[in-house]
Structures are given as structure tokens and as C-alpha cells.
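Only one structure is covered here, and it is reproduced in the block below.
The values are calculated or read from the model by the stated rules, or taken from the named source; none is laboratory data. Because the structure is predicted, anything quoted here is derived from the model rather than measured. All Cβ positions, even for glycine, are placed from backbone atoms using ideal geometry, and neighbour counts span all protein chains on display.
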Amino acid sequence: MTEQQHHLQDVNILGIASLTSPAELKQDICLGEDVAEAVYQARETLKAILRGEDRRLIAIVGPCSIHNRDSAIEYAEKLSPLAAKVIDRIVVVMRVYFEKPRTTVGWKGLINDPHLDGTFDMSGGLRLAREILLDINQTGLPAATAPPNRLPIARWQAVCRCQLVLRTAPKGAWRWPSTRWRRHEQNTRF
């Protein structure tokens, strides 16, 4: 008998479903010019701070991971007035993590399981994550998220809890020279 007849291949696969593509998400959930401009301006401001051209500090503030849209927006609405109050000294960026990469057992995050029920509706999770980022950006707050991020609304991406890398392209490569990064890494306190 062959492998197929004995069911030796793909024994743990229940089904295959296509993910929503980034192009489909961008078409279905449009940024709008105002949000696109805000994302661009925030990225430019954050780059200027890291280059030392702007003396303000960057504070990335937010929950460990997002699991509920309403709670995320409520957090952003409460953080936004504080960010406006300290903008002359500190640029506040909301931490918006959708995944739990260090979790080995249990819920893996909003993108992987947005309904918190084990259905792993990842297309729904990607859609919900983009909507949340759009809503947060509409409050006036920049958003920071963790890779892999196919939702080009985020203004920052974190490599780990204490090292930040500027993301300058919506879906592109990291474009921060390592020698510059090391210099900033040594001079930055979190």
C-alpha cells in the first residue's frame, strides 16, 4: 500500500483556507488621506528624534497584547489627551500588539484567533487588526506593532521588548543601517 492509502501524509491538517491578501485589506479598509498623512508625519518625526534632530523623547505605551477592539479604542481615547499634553517633550506612541509570540500554550493573539474560540479565523483577525489600527490612528495617536505586520498603518515595529527599529516602508525591508542602530541603541533608555 502507498502512503496515501495509509493516510500517512497531512494527518493533522483538517482543511486549507486562503488568507485575505494585503491588497484586499487595503482596498476594503482604506486609510484615507488624513490618516495616511498622519502616519507619514509621525514616521518622519520619530526618525528625526532617533537621528538627534528633535530633542523630544519617545514613549511607547500600551497593553501586552490587544484582544478586544472596544478596549483598544478606549485605551487610545484615554491616552490621546495625555499625548497632546506632553507633545512638546514626549512623542507618545501606542503599543498595539496583536500576537503573543512567546506564548507556547493557549491563545496566540488577535490575528490568529480573533473570536477567542479556537477557530483560527486569521483572515478575520487581519481585517480586525487593520480596523483597530485605523481607529487608533484616527484618535491622533501613532501606533507601534510587532512584526510580522502586513497592515501598513503602523508607524513603528518592535523587534523585541526593548529594541526598536524604524519601519520606513509599508511592506518593505528594514532600512535602518546596523551601525546607526547600534549607536542609538546604546544611547537610548527604555
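In table form, for the structure just shown:
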read-out: Pair list, Cβ < 8 Å and 6+ apart or interchain, from segment 119-136 residues that are closer than 24 Å to Glu33 by Cα to residues that are among the basic types (Lys, Arg) and not in a helix (DSSP H, G or I); value: Leu126/Arg150
read-out: Segment 8-37 residues that are over 17 Å from Ile132 (Cα atoms), paired with ones that are among the polar types (S, T, N, Q) and modelled with pLDDT of 90 or more (beta carbon under 9 Å, 6 or more apart); value: Ala17/Ser123; Ser18/Ser123; Leu19/Ser123
read-out: Residue under evaluation Pro114, criteria (1) without any contact (Cβ under 8 Å) to a residue 60 or more places away in the chain; (2) loosely packed, with under 15 Cβ neighbours inside 10 Å, criterion not met; value: (2)
read-out: Complete set of residues in segment 47-73 that are part of a loop (DSSP other than H, G, I, E, B) and closer than 14 Å to Ala144 by Cα; value: Gly62, Pro63, Cys64, Ser65, Ile66
read-out: The listed residue being surrounded by 11 or more Cβ atoms within 10 Å (Cβ to Cβ), touching a helix residue (DSSP H, G or I) at 6+ places or on another chain (Cβ under 8 Å) and of a type in the set (Val, Ile, Thr), out of Ile87, Ile66; value: Ile66
